[in-house]
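Right, one structure below, let's go through it.
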Amino acid sequence: MSRICYLNGQYISPAHASVSPEDRGFLMGDGVYEVIACIHGHMADETGHLDRLERSLKELQMDMPVTRESLRFLMREVVRRNRQKNAAIYLQVSRGAAKRDFAFPDADTPQTLFIIAYDYDFSGQISPISVKTTEDQRWKRRDIKTVLLLPQSMAKQNALDEGYGDAWMLDPEGYVNEASASNAYIIKDGTIITRPVSHNILKGITRTAIEKLCRDSDIKFEERKFKPQEAYEADEAFNSSATSLIVPINNIDGHDIFNGKRGKITELLYKEYRAYADGLRGEQISWEAGL
Ligand code: PLP
């Protein structure tokens with residue numbers, strides 16, 4: 001099936017879509033993005049993703065390129081034109097094309113808006129993965145979802161090259177920040193533990209939903225830092241993100257977690273989260289940076 005994406009007012013095949021080489025997203029990584037799961041036609045956590053998009057843009061002195069209603073429409077239209085029921089929707093906004101200069105161009109420079117939907121299979125259980133801890137080499141505003149992704153990409157590739165499934169990136173004191181493209185958690189004695197929100201991590205929309213699910217179902221959710229040593233001795237561990245959802249972790253740096261199997265609380269949480277993400281339970285929740 002030929003794919004159709006949306007770029008600056010046009011529905012077009014990605015093969016024929018083009019962006020100016022002077023686009024600041026291309027030259028400087030001057031842009032932000034969101035990834036939203038469309039599960040059986042339902043846009044999971046769409047409200048939260050649009051909340052975070054608006055906040056990321058604001059932090060970089062940009063406005064929304066079009067209204068929220070328009071974004072909602074455009075995403076649905078891309079999915080509809082591709083006849084997709086299950087997709088990972090990628091939405092990117094850059095500051096647009098201008099003469100290369102470190103100073104921002106005039107505020108009326110047209111932004112670049114790009115939306116594409118990749119086929120995605122949300123059926124079946126998610127297999128557990130192993131993670132390798134590594135130094136976090138990113139800039140200091142990780143709370144903004146920018147397209148500056150090379151450090152995460154390198155961390156992930158290095159982990160894969162060494163036979164692991166993903167990387168957990170550590171702050172200079174050796175505490176776990178997050179995974180290459182997910183938030184990171186451990187579970188000990190029934191309590192879910194994850195790093196508090198700060199400029200160090202991206203506050204996941206999925207993380208926000210998980211926190212609410214825990215609070216609604218009396219599962220203890222504790223925000224505090226933890227080091228790999230504590231994680232090696234955890235009962236369970238998992239990552240969360242919009243498209244990978246909740247991924248059980250069965251090994252950290254060679255230390256088996258839950259005997260290398262899928263953890264029980266992780267599985268329960270996955271089921272609860274799926275009911276919410278599939279649109280079968282609960283209202284969509286909003287997202288705030290909390291900073
Ligand atoms: N942390 C990082 C660095 C990410 O890139 C992502 C998602 O891409 C997340 C956390 C999880 O965010 P969300 O749950 O909103 O997908």
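The values are calculated or read from the model by the stated rules, or taken from the named source; none is laboratory data. As the structure is a computational prediction, the values presented were derived from the model and not from experiment. Here the Cβ positions follow ideal geometry from the backbone for every residue, glycine too, while neighbour counts run over all protein chains shown.
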| task | Would you check if Val147 is at pLDDT 95 or above, over 26 Å from Ala15 (Cα atoms) and touching a Phe, Trp or Tyr at 6+ places or on another chain (Cβ under 8 Å)? | result | no
| said: For the stretch 18-32, check the following and say yes or no: at least one residue is closer than 21 Å to Thr206 by Cα and either modelled with pLDDT of 95 or more or among the small types (Gly, Ala, Ser) (or both). | reply: yes
| query | Considering only residues of the stretch 64-90 that are in contact with a helix residue (DSSP H, G or I) (Cβ under 7 Å, 6 or more places away or on another chain) and hydrophobic (A, V, I, L, M, F, W, C), which is surrounded by the most Cβ atoms within 10 Å (Cβ to Cβ)? | reply | Ile89
| query | Pick from Glu267, Glu288: which is outside the structural domain of Thr134 (by TED's automatic domain parsing) and either of a type in the set (S, T, N, Q) or out of contact with any Leu (no Cβ under 6 Å at 6 or more places or on another chain) (or both)? | reply | Glu288
| Any idea which residue in the stretch 266-285 is nearest to the chain's Cα centre (by Cα), counting only those that are surrounded by fewer than 18 Cβ atoms within 10 Å (Cβ to Cβ) and assigned to a helix (DSSP H, G or I)? | Arg274
| request: Considering each of Glu178, Glu162 in turn, give the residue that is over 22 Å from Asp51 (Cα atoms) and in contact with a strand residue (DSSP E or B) (Cβ under 8 Å, 6 or more places away or on another chain). | output: Glu162
| query | Of the residues Asp161, Asp216, Asp189, which single one is more than 19 Å from the chain's Cα centre (by Cα) and either at pLDDT below 95 or within 11 Å of the ligand (Cβ to nearest atom) (or both)? | reply | Asp216
| query | Which of (1) surrounded by 14 or more Cβ atoms within 10 Å (Cβ to Cβ); (2) modelled with pLDDT under 95; (3) not charged (D, E, K, R) does Asn250 not meet, given it meets every other one? | reply | (2)
| said: Of everything in the stretch 37-80, what is hydroxyl-bearing (Ser, Thr, Tyr) and without any contact (Cβ under 8 Å) to a residue 60 or more places away in the chain? Give them in sequence order. | reply: Thr67, Ser70
| request: Mind telling me which of the residues Ile257, Ile249 ends up being within 16 Å of the ligand (Cβ to nearest atom) and more than 18 Å from Ala209 (Cβ to Cβ)? | output: Ile249
| task | Answer yes or no as to whether Phe104 is in a helix (DSSP H, G or I), more than 16 Å from the ligand (Cβ to nearest atom) and of a type outside the set (Lys, Arg). | result | no
| query | Of all residues in the stretch 19-34, how many are touching a helix residue (DSSP H, G or I) at 6+ places or on another chain (Cβ under 8 Å) and hydrophobic (A, V, I, L, M, F, W, C)? | reply | 2
| request: Please verify whether the stretch 88-95 includes one or more residues that are in a strand (DSSP E or B) and without any contact (Cβ under 8 Å) to a residue 24 or more places away in the chain. | output: no
| message | Considering only residues that are of a type in the set (D, E, K, R), within 19 Å of Arg95 (Cβ to Cβ) and in a helix (DSSP H, G or I), which ones fall in the stretch 56-73? | response | Lys58, Glu59
| query | Do you know which residues across the stretch 32-55 are of a type outside the set (Phe, Trp, Tyr), in a strand (DSSP E or B) and within 10 Å of the ligand (Cβ to nearest atom)? | reply | Glu34, Val35, Ile36, Ala37
| task | Take the stretch 164-179 and flag every residue that is of a type outside the set (A, V, I, L, M), surrounded by fewer than 24 Cβ atoms within 10 Å (Cβ to Cβ) and either farther than 20 Å from Leu245 by Cβ or within 15 Å of the ligand (Cβ to nearest atom) (or both). | result | Asp166, Asp171, Pro172, Glu173, Gly174, Tyr175, Asn177
